[in-house]
Structure formats: structure tokens, C-alpha cells
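The structure under discussion appears below in the form of C-alpha cells.
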Amino acid sequence: MVRLRLKRVGAKNKPVFRVVATDHRNPRDGKFIEELGTYHPLQAGEMNFTLKLERAEYWLKVGAQPSETVASMIKKARKAAVATPAA
């Protein structure tokens, strides 16, 4: 099963994560299928992440299961996309 989850790439005490699509059997920081965005938990503000929403929607459509954190990011990104429509 494909999961949408976080992969840690930051240094010690300076966490930075990448949002990735990966097989659920792979380790947290192991290989992945596609990188979908980034997450900076120490950055101030509500939008401390970037996300390729259209690719995340594609993976959800084909049956990928998001982790709790990634699911909340997708929810926030959808809300932001509705609030600021593309030109």
C-alpha cells in the first residue's frame, strides 16, 4: 500500500521533513516514489509547509493513505487553495 508520510532530512535539533509517497514497508527515511512537499515544524506561522496539492490529490485518488500529519496538511492546503484561487 502507498502511504503519504513525512521523511526526516533535517539536522539534529533542527527538524525538516519532506512529504513523500512511499510503500508502507519502507523505513521512514528510506526510498520513496515521489516527493510532494516540505514541512518546517520550527518555522512560525500556520503555513510552515509546501505541498504539491494536485499530486497529493492524485495519490489519494489512486488509493494512497495519508498519515495524520499529512492529512491535516492536505486539509489546510485545500482551504488555502479555495481562499486564494489561481488566476
Over the stretch 1-50, the set of residues in contact (Cβ under 8 Å) with a residue 60 or more places away in the chain and over 15 Å from the mean Cα position of the chain (by Cα) is M1
Qualifying residues in the stretch 18-31 (those that are in contact with a strand residue (DSSP E or B) (Cβ under 6 Å, 6 or more places away or on another chain) and farther than 12 Å from A64 by Cβ) - the one surrounded by the fewest Cβ atoms within 10 Å (Cβ to Cβ): D29
Segments classed as strands (runs of 3 or more DSSP E), wholly inside the stretch 1-66, with at least 3 members that are of a type in the set (S, T, Y): none
Would you tally the residues in the stretch 58-87 being touching a residue at least 12 places away in the same chain (Cβ under 8 Å) and over 18 Å from M1 (Cβ atoms)? 6
Leading residue by the ranking (modelled with the highest pLDDT) among those in the stretch 67-87 that are hydroxyl-bearing (S, T, Y) and assigned to a loop (DSSP other than H, G, I, E, B): S67
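Residues are listed down the side, and each one gets a yes or a no for (1) surrounded by fewer than 16 Cβ atoms within 10 Å (Cβ to Cβ); (2) more than 21 Å from A80 (Cβ to Cβ); (3) basic (K, R):
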| position | (1), (2), (3) |
| --- | --- |
| L4 | no, no, no |
| K7 | no, yes, yes |
| K12 | yes, yes, yes |
| I33 | yes, yes, no |
| M47 | yes, no, no |
| S67 | yes, no, no |
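The values are calculated or read from the model by the stated rules, or taken from the named source; none is laboratory data. Everything numeric here is computed off the predicted structure, so don't read it as measured data. Note that each Cβ is placed from the backbone with ideal geometry, even for glycine, and that neighbours are counted across all protein chains shown.
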